[in-house]
Amino acid sequence: MKPREIISILIVLLFFLSCIPKAIIPPVPEEEVAGDELFLRAENLYHEKSYKEAFEKYNRYLSYFPKGPLADDSLMKMGLIYTAVGKDKKARKIFNRLLSEYPDSPLVYDARVEILVTYYNEDKFSEVIQLASGLLEDKVSRVQLTRIYEILGDTYVAMDSPEDSIYFYNMAYEKSKDEEKEPIVEKLKEAVSRLDSENVLLLLSHLEDKLPRSYLMYQLGLNYSKEEKLDDSVKVLTEFIKSFSDHENVAQAKLLIEEIAAKSVYSRYTIGCLLPLSGRYKMYGNRAMKGIELALGRFSSHGNNLPINLVIKDTGGDPEKAVLAMKELLNDKVAAIIGPIITAEPVATEAQYSGIPMITITQKENITDIGDNVFRNFITPEMQVKTIVAYAVEVLEVKSFAILYPQEKYGTTFMNLFWDEVLKYEGKVVGVESYNPAHTDFSDSIRKLVGLYYEVPDDLKEKKDVEEEDKDKKEEEPEAIVDFEAIFIPDAPNKAGLIIPQLAFHDIEDVYLLGTNLWHSKKLIDMTKEYIQRAIIPDGFSPESTSVRVRDFVDNFEKTYGEKPGFIEAITYDTSMILFQTLSRPDVRSRNAIKNELMGLKNYQGVTGLTSFDDNGDVEKQLSLLRIKGDKFIDLEFN
C-alpha cells in the first residue's frame, strides 16, 4: 500500500474516533484509584467536618484495602466521627474493632483513650475510672498520658468531686506542653471555685505544686470572705500576694483586702439597739429599753470594765423605718446590734450583708436562716410546746389531751405544734375545737368538745316505753363526756380568762389547764380565781423564782423602775450582758470575732436560765414552768 493511502486511512480513523460521544467512555473505577489518594479524599472531608461523606470514603478504603497501610487509620477516624456526632456506642464498637483486628497498630493506645471518652459521654464514670487505671499502668505516650489525666479530671468534676479532679488536672498540666496548658488551667480554676474551705485546706496540706497552690490559696481567701471570716481572709490573701506576686488574681486579692478593711472599721465598744419606741408596739420597746439600761448600769458599775456606748434607734415597728435605722447604725460603725423586736427580717438581712452580729428579740420563724451573723435570744412556740408537753406526759402522766384554740395565726400555730408534740410522746389528742376570737361566749365550741352540742338522732336512741320517756324529759341534759386529762388553750389572758370559767360551767373539771407564756399574767388569776388552780404555764422568766441571780435582778429592777420585770425586760437584760462581756474580752478585736464568740456561747448563766446558741445561731434555753397557788405564780421543778 502506498504511503498516501495509509495516511488517508489514518485520517478517516481519527475522524471516526472523534465522532464517538465521550459519555460512553467508561470512567476509571474508584477502586482502581491508588489507596492513598482515596484516604486523602476522606481526610479532606473529615477536616471540613463533612462527616457523612468522610465516613463513606474511610469505609470504602477498608473495603478495598483491608490490609492496606492506612486501614487502622481509617477505623480510628470512623470511630472519631461516631463520637463527634454523639453515637458513642457505635464509636466504641469501631475502636474495639481496631484493637481486635490491628493489635500491633500504633493507634491502639489512642483507641483505648477514645473509648474512655465514649464512656464519659454516657456518664459511665466508674467505667472511665476503671479503664483509665489500667491504661496508666501501660507505656503510653506523653500526649496520651495528658489526655487520660484530663479525662479523669473531667470525670471527677462530673461526679461532683472537684477535690479529686484537681489532682488529675494538675498531673495533666505537668505533662502538657505550653500550647496545651491553657484549657487545662481553665478547668482547674473551675474545679477550685467549687471547693469549700475545708477541702481547700485539705488540698493545700497535700499539694506542693505552684499552680494548684496559687489558685487554692486565692479561693480560700474568697471563701473566708464569704463566710465573714474577715481576719482569716485578709491573712490568707496577704500570704497569697506575697507568695505569688505575678499571679493573675493579685489585683483582685488586693481589692478584696481593701474592701474588707473598709468593712471592718468599727467602734469596738459601741452597740446599736433597734427598738419600737413609738407606734403600736412602743410598750414592748420601752420594756426592752429598761432591761438594756439596767444591764448597762450593772456592767458599768464594775470599775474594771471598759465603758460601753449605746446607740438607740427607734424603728417605730415599721420595716422601712427599721432598715433606715439600721443604715444609720452602719454609719455609726457599731460593733453589734440588739434587736429588733418587730420587723426583724429586713433588718437581719441588712446586718448579714454588712457583716454585723445581731441578736434579735423575736419569734419570727427561721430568722437565723438568713445568715451566720443573725442570732436569736427569745422563746419560740416550739420551745413552749416541747416544755409543757414533756412535763404533762413525763411528770403528770397525762395520756389524753384536748385542744381549744382561736381561729387566728397564733392559735393555729400552737395547735399544730402541740398536736404534733403529743403524738411524738405517743399520747392522744381526743378532741380539737376552734372558736372565733372576736366572741365572748365560747359555749358552742366547749359543748362540741364534750359531746353536748349535737342531739342524738331518733333512730339511734334506745327504744323506751312511755313512762321512761316522760321520766327522761324531766331529767337534765346529758352529762359532758370528758375523756381528756388536760386541755390546751393557746390564747391571751383576756380570752383565756373568759373561757376557763365556762369550762367549769360545762362540767369540765379536774383536768389540767395548759397555756402559753401569755398566761403569765396577774390579770388571768383575777379573772378566773379558783378555776385556774390546775394551770401549768411555760415561760422564759419567772420573777417569782427563788434563784439568787433572779432575786437580785428583780430587786434592782423594782428599785430602779418601781415595778416588777417581765420576760422582755429579763431577756434584753441577759442579751445585753452577753454582748457587753463579749466586747470586753481583749482578744475580741473584730466583728467576726464577736460572731465566733456568740457561736461558741454555751450555758451562759443569766436571769432567764442557761443560754446557748446552736450551730444556726438560734437560742437553746430551758424554759421555766409555773403553776398557780391562790393568787400567786409558783415555780415548778422540772429537768
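Under a 5 Å amide H cut-off, with hydrogens placed 1.01 Å from N, S434 pairs with Y405 among residues at least 5 apart or on other chains.
What does the highest-first list of 489-497, 392-400 look like by mean Cβ count within 10 Å?
Per-residue Cβ counts within 10 Å, averaged per peptide and sorted highest first, yield 489-497, 392-400.
Remark: the D231-A504 segment gains 91.9 nm on full extension, using 0.36 nm per residue and subtracting the alpha carbon distance. For segment 109-139, no residue has its backbone nitrogen under 13 Å from a point 7 Å from the Cα of K93, taken along Cα to Cβ. Determine the sum of side-chain charges near V429: Lys and Arg each +1, Asp and Glu each -1, restricted to other residues whose C-beta is under 15 angstrom from that of V429. Local net charge: -2. With the simple spin-label model, which puts each label point 7 Å out from Cα in the Cβ direction, the S63 to K282 separation comes to 9.7 nm. Sorted ascending by nearby beta carbons within 10 Å, beginning with the fewest, R549, R41, R591 become R549, R41, R591.
Between K181 and Q581, take the C-beta separation as r, use R0 = 56 Å, and let me know the FRET efficiency to the nearest 0.05. Efficiency for this residue pair is about 0.55. Here the chain is assigned +1 on the Cβ of each Lys and Arg and -1 on the Cβ of each Asp and Glu. Its dipole about the Cα centre then comes out at about 2500 debye. Classified by the C-alpha gyration tensor, segment 32-122 has an oblate form. Its axis ratio a/c, with a ≥ b ≥ c, is 1.5 or above, and a/b does not exceed b/c.
To make sure I understand, if each residue's beta carbon is the centre and we count other beta carbons within 10 Å, what order do E509, E43 fall in, fewest to most?
Arranged by neighbour count, lowest to highest, E509, E43 become E509, E43.
Put a dot 7 Å past the Cα of Y353, heading toward its Cβ, do the same for S133, and the two dots end up 5.0 nm apart.
For segment 599-636, backbone nitrogen atoms closer than 19 Å to the point 7 Å from K424 Cα along Cα-to-C-beta are found at 612-625. The reciprocal of the average 1/r between distinct C-alpha atoms defines the Kirkwood hydrodynamic radius, which for segment 296-453 equals 19.1 Å.
When each of K409, K529, K424 is scored by the number of other beta-carbon atoms lying within 10 Å, the sequence from fewest to most is K409, K424, K529.
Which FRET efficiency value, to the nearest 0.05, do you get for E397 and E530 by plugging their Cβ-Cβ distance into 1/(1 + (r/R0)^6) with R0 = 30 Å? Calculated transfer efficiency: 0.80.
Taking each residue as 0.36 nm, the span from D444 to E198 lengthens on full extension beyond its C-alpha to C-alpha distance by 82.5 nm. Extension gain, K254 to I481: 0.36 nm times the residue separation minus the Cα-Cα distance gives 74.1 nm. Helices in the chain, meaning DSSP H runs of at least 4 residues, each add -39500 (n - 2.57). Divided by all residues, the mean residue ellipticity at 222 nm is -17500 deg cm²/dmol.
Throughout, read-outs are computed from the coordinates displayed, never taken from laboratory work. Just so it is clear, the model here is predicted, and its values are computed rather than measured. Neighbour counts are summed over all protein chains in view; Cβ atoms, including those assigned to glycine, are modelled from backbone coordinates with ideal geometry.
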